[in-house]
1. With θ set to phi - 60°, apply the Karplus curve 6.51 cos²θ - 1.76 cosθ + 1.60 along segment 114-121 and write out the HN-Hα couplings as whole Hz, x wherever there is a Gly or Pro.
2. Show the residues, 5+ positions off or on another chain, whose built amide H is closer than 5 Å to the amide H of Leu94.
3. Please go through segment 108-207 and write out the GluC sites (Glu not before Pro) that DSSP classes as loop and that have at most 11 other C-beta atoms within 10 Å.
4. Among the trypsin sites (Lys or Arg not before Pro) in segment 115-171, which ones are in a DSSP loop with at most 15 other Cβ atoms within 10 Å of the Cβ? Mind listing them?
Amino acid sequence: MAIINLLASIALTGTPATEEEVQMITSTTQEVIRPVDELRLVISQEEIYDRIAEVSKLIDAEYRGKDVTLIMIMKGSICLAADLMRTLETDVALEHITCSSYGQNGTERGELTVSGLEKLDIAGKDVILIDDISDTGTTFKTVIKELEQLNPKSLSSLALLVRKNKEAPKFSPDYALFHVESDDFVIGYGLDYKEHYRGLSSIYALN
């Protein structure tokens, strides 16, 4: 679908949408909301749970006995953070922050803004930052820079998905569950399109 390819391009390149593209996105929103049985399955619930179990073992080996705080970037990482906490043997605290750079129409608004940093108490603690998907790495790099000002003992990153790019990645999370194709507009398991599909137990592609 042209509209989904457009959105994937905006997300991947970070290029602001033109006025014509904004109108196209706005006018075709309702056409994109499709039944689950019409979506293309990318990663099943079973595959997600199996991979979480594998990554949890790595985290337990690295952080057992340490003062660990998971910081999830809302809203996309909420499913991953919840399932990860349930799987880990290591006792962890959970915090959340919010990042925004896109408007309701899915278009680029400009510089990334981070909210919720003022309530974090992570000085001297081991922190794992969790996000749903790493495209260009901009979100991770921006948030990590902000979190470093709060003096954590250590700071690592975990992504549910990393998008495959033809160019060398500008940022690689310390932990990554899956890689997805560069042109897939993925939804489900926390990822949404205009707040739809977020609660799906598996990950699908709209395009």
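Please treat every number below as a calculation from the coordinates, not as lab data. Just so it is clear, the model here is predicted, and its values are computed rather than measured. Neighbour counts are summed over all protein chains in view; Cβ atoms, including those assigned to glycine, are modelled from backbone coordinates with ideal geometry.
1. Taking θ as phi minus 60°, the curve returns 10, 10, x, 5, 5, 8, 7, 10 Hz for segment 114-121.
2. HN-HN under 5 Å from Leu94: Leu70.
3. Glu167, Glu195
4. Counting only loop positions with at most 15 other Cβ atoms within 10 Å, the trypsin sites (Lys or Arg not before Pro) in segment 115-171 are Lys153, Lys164, Lys166, Lys170.
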